[in-house]
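The values are calculated or read from the model by the stated rules, or taken from the named source; none is laboratory data. Note that the coordinates shown come from a computational prediction; the quantities given were computed from them, not determined experimentally. FYI the Cβ positions are ideal-geometry reconstructions off the backbone, even for glycines, and counts take in every protein chain you see. Ligands, DNA and RNA are stripped out before the accessible areas are found, and what is left, the full protein with its side chains, is counted by its heavy atoms. Shrake-Rupley method; radii C 1.70, N 1.55, O 1.52, S 1.80 Å.
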Amino acid sequence: MTTVRMMPAWRLTQFGKPPELQQVPVPGVGAGEVLVKVAGNGLCHSDVGMMEAGAVAPPFPTWRLPFTLGHEIAGWVEETGAGVSGFSRGQPVILVATHSEGTCAYCRAGQDNNCDESSAGRGYGRDGGLAPYVHLASTRPLIALKSLDPRTAGPLADAAATSMHAVRRVLPRLSRGSSAVVIGAGGLGSFAVQLLRALSEARVIAVDVNPARLDYVRRLGAHETLPGVGEHTAGELRALTSGHGAEAVLDFVGIDATITAGLAAVRRTGAYGLVGAGMGRLNLPWFHLLPKDGEVFNFTGSTIADLSEVVRLAEAGRLVNDTERFAFSDTLKAYARLAQGTLLGRAVVIPEG
Ligand SMILES: [Zn+2]
């Protein structure tokens with residue numbers, strides 16, 4: 001008789017409720033599959049969105065409750081199934097956060113964050129990284145780490161890679177003398193500031209309501225910071241950009257005020273990217289407000305290429321990834337700190353801690 005090994009996992013049992021610590025079996029490994037020992041799992045605002053009072057199930061038929069939360073995962077390869085090559089036991093790895101199956105038109109074009117299966121990622125309707133082990137159906141999401149510590153690398157998989165997706169999208173517009181605005185200097189925005197500095201010659205302007213966040217991103221390379229978001233913001237941004245507006249505005253908040261100010265701060269031919277899921281609305285005549293000859297876009301998640309590029313920059317020491325470590329038993333405390341906005345770096349839960 002085989003004994004089933006059990007492990008603790010922080011699982012969402014109901015939308016609108018905090019996760020519960022439950023015992024679940026350690027997943028078995030079949031042909032082509034991989035078991036990863038979780039070194040650290042970063043916590044994300046989207047997790048909080050699922051557990052906050054009033055949260056409802058998203059309209060995805062593949063989601064099954066309960067499931068283990070956590071999608072910012074790094075660790076070590078624990079076990080590989082028959083036929084797996086390129087990865088061996090003990091190897092440090094980071095997991096691409098957005099799920100994709102690899103064969104559809106989007107995947108083949110390198111647009112894998114748009115894959116038809118992308119709504120069913122680890123920690124999103126399927127078991128994620130808030131457990132000692134996480135199961136992968138294939139090696140597709142694995143990226144090898146060289147010098148980075150897998151205990152703290154997890155946030156690169158979503159916070160940094162999603163920012164990379166936004167920044168890559170606007171890079172062709174950012175020649176010397178141009179300006180890029182980052183609205184929201186939180187977990188994602190602070191990576192966006194760094195990526196814009198690392199990959200472009202644009203002047204980077206960060207906007208946030210929290211002065212401590214603005215001090216932080218100034219240390220990370222923002223040239224200018226603007227406190228608060230309101231009716232004055234678009235005018236202030238124009239004043240900082242010779243009256244023309246910015247070549248690119250990336251909005252990591254996405255509420256009414258940031259959408260309105262952000263769009264009004266884009267110059268003609270510029271781009272506005274909506275990343276933050278604040279579910280804001282734009283109640284103004286679009287004809288006059290959209291950037292003339294410009295671009296407005298949104299997206300979710302990030303691609304394998306985005307994370308590969310993030311890992312390359314981080315391994316080269318060009319990306320600061322400040323984290324605050326929490327023991328596995330303190331996961332709810334860490335989520336509370338995230339919800340209160342009192343973290344400076346990204347919260348990382350260490351299963352062995
Ligand atoms: Zn696909």
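Points to keep in mind about this one:
- Across region 169-324, the relative contact order, built from alpha-carbon pairs under 8 Å that are at least six residues apart, equals 19 percent.
- Cα-based Rg of region 251-304 normalised by 2.2 N^0.38 Å, two decimals: 1.13
- Phi-based couplings in Hz for region 306-317 (Karplus 6.51, -1.76, 1.60; Gly and Pro marked x): 4, 5, 4, 5, 4, 5, 4, 5, 5, 5, 7, x
- Look at the alpha carbon pairs under 8 Å that are at least 6 residues apart: their mean separation over the length of region 1-105 gives a relative contact order of 29 percent.
- Vicinal HN-Hα couplings computed from phi for region 176-193 (Karplus, 6.51 cos²θ - 1.76 cosθ + 1.60; Hz; Gly/Pro x): 4, x, 8, 10, 10, 10, 10, 9, x, 9, x, x, 6, x, 5, 6, 4, 4
- Loop trypsin sites (Lys or Arg not before Pro), region 243-336, which have at most 14 other Cβ atoms in a 10 Å radius of their Cβ (DSSP): Arg281, Lys292, Arg318
- Compactness relative to 2.2 N^0.38 Å, alpha carbon Rg of region 61-164: 1.05
- In this structure the amide hydrogen of Gly301, modeled in the peptide plane, comes within under 5 Å of no amide hydrogen from residues 5 or more places off or on another chain.
- For region 220-353, diffusion coefficient by Stokes-Einstein and Kirkwood Rh (Cα), 4 °C, 1.567 mPa s, µm²/s: 74 µm²/s
- Computed packing ranks the peptides 4-12, 201-209, 43-51 as 201-209, 43-51, 4-12, most packed first, by mean other Cβ atoms within 10 Å.
- When the Gaussian network model of the chain links Cα atoms closer than 10 Å, the mean-square fluctuations of Arg197, Arg213, Arg176 top out at Arg176.
- Of all accessible heavy-atom area on the chain, the percent that carbon and sulfur account for (1.4 Å): 53 percent
- Database remark: amide H of His244 closer than 5 angstrom to no amide H (H placed geometrically; neighbours at sequence offset of 5 or more, or on other chains; Pro and chain starts carry no H).
- Per-residue Karplus couplings for region 129-141, computed as 6.51 cos²θ - 1.76 cosθ + 1.60 with θ equal to phi - 60°, are listed in order as x, 8, 6, x, 9, 9, 9, 10, 6, 7, 7, 3, x Hz, Gly and Pro entered as x.
- Net length gained if the chain between Ala109 and Ala239 were fully extended (0.36 nm per residue, minus Cα distance): 42.8 nm
- Inter-site label distance for Met279 and Ala339 at 7 Å from Cα along Cβ, in nm: 1.6 nm
- Qualifying chymotrypsin sites (Phe, Trp or Tyr not before Pro) in region 279-327, DSSP loop, other Cβ atoms within 10 Å at most 16: Phe299
- Asp293-Gln14 pseudo-label distance in nm [points 7 Å out on the Cα-to-Cβ vector]: 5.7 nm
- Amide H contacts of Asp322 (H built 1.01 Å from N, under 5 Å, at least 5 apart or other chain): Arg346
- Rough spin-label spacing in nm, given labels placed 7 Å along Cα→Cβ, for Glu117 and Ala144: 2.4 nm
- Per residue, in Å², the accessible surface of region 207-322 once ligands and nucleic acids are set aside, probe 1.4 Å: 49 Å²
- Kirkwood analysis of the Cα pair distances in region 81-121 returns a hydrodynamic radius of 11.8 Å.
- Computing FRET efficiency as 1/(1 + (r/R0)^6) for Met7 and Arg219, where r is the C-beta to C-beta distance and R0 is 41 Å, gives about 0.60.
- Averaged per residue, region 29-73 has 39 square angstrom of accessible surface, using a 1.4 angstrom probe with ligands and nucleic acids left out.
- Dimensionless Rg over Rh [the chain; C-alpha; Kirkwood]: 0.98
- Take 22-33, 61-72 and order them by the average number of nearby Cβ atoms within 10 Å per residue, most first; the result is 61-72, 22-33.
- Whole-Å distance, taken between Cα centres, linking region 144-175 and region 307-342: 12 Å
- Normalised alpha carbon radius of gyration of region 144-207 [divisor 2.2 N^0.38 Å]: 1.18
- Whole-number percent relative contact order across the chain, with pairs defined as alpha carbons under 8 Å at least 6 apart: 17 percent
- In this structure region 123-203 gives 32 Å² per residue of accessible area when probed at 1.4 Å with all protein chains present.
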